[in-house]
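So the structure is just underneath, and the comments pick up after that.
The values are calculated or read from the model by the stated rules, or taken from the named source; none is laboratory data. In this text, all values refer to a predicted model and were calculated from it rather than measured experimentally. Ideal geometry is used to build each Cβ from the backbone, glycine not excepted, and the neighbour counts take in all protein chains shown. Side chains are part of the model used for accessible areas, which takes the heavy atoms of the whole protein and leaves out ligands, DNA and RNA. Shrake-Rupley method; radii C 1.70, N 1.55, O 1.52, S 1.80 Å.
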Amino acid sequence: MNEPTVKAVCLSEKKGTVKTSVPQICVKENYGVKGDAHAGDEIKQVSLLADESVEKLRDKIPNITFGAFAENILTSGISLFTLPIGTKLCIGEAVLEIKQIGKECNHGACNIKQQTGDCCMPREGIFTKVLKSGVIKPGDVITVEN
């Protein structure tokens with residue numbers, strides 16, 4: 001497997017919408033992604049999904065865009081959903097801690113599931129809390145700490 005890296009970073013101003021790919025995001029300790037609708041004082045501050053998970057659905061949706069699963073960070077070269085709760089991910093200057101693996105899609109309104117009959121986010125997406133603030137951008141290396 002390749003060295004774990006960030007493939008894309010995304011945010012949205014409103015909940016329930018597809019996130020938009022941006023050049024970089026700034027994560028703030030105990031808050032989440034600055035400017036993102038999901039930021040706040042909760043455990044699901046930053047969402048991550050592996051591109052390898054998205055790849056499983058590309059035959060059904062070949063032009064799927066970054067942020068389509070409402071992920072803040074799309075990764076490559078790391079099997080995120082196999083990491084245990086409590087694992088720390090160091091990305092650039094930022095440190096994120098895995099707090100939850102998977103979640104239900106928007107109560108049956110998941111656009112991906114409606115198109116393909118499946119969605120990987122409930123099984124393979126992870127949610128983290130920001131332990132240390134920093135800027136995250138595509139190409140940043142991801143280091144795993146237990």
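Show me the ranking of peptides 5-17, 37-49 by mean Cβ neighbours inside 10 Å, starting with the highest.
Result, highest mean first: 37-49, 5-17.
Given points 7 Å out from each Cα along the Cα-Cβ axis, report the T82 to N146 separation in nanometres with one decimal.
1.4 nm
Given 0.36 nm per residue, what is the gain on full extension from E42 to K132 after removing their alpha carbon distance, in nm?
Taking E42 through K132 to full extension adds about 30.9 nm, to one decimal.
Determine the per residue accessible area of region 8-88 with all protein chains present and a 1.4 angstrom probe, expressed in square angstrom.
47 Å²
Fully extended, how many nm does the chain gain between Q100 and I64 (0.36 nm per residue separation, minus their Cα-Cα distance)?
10.5 nm
Could you pull out every one of the aspartates and glutamates with an alpha carbon less than 19 Å from that of K56, ignoring same-chain neighbours closer than 8 positions?
Counting by Cα, and skipping residues close in sequence, K56 has these aspartates and glutamates nearby: E71, E104, D118, E124.
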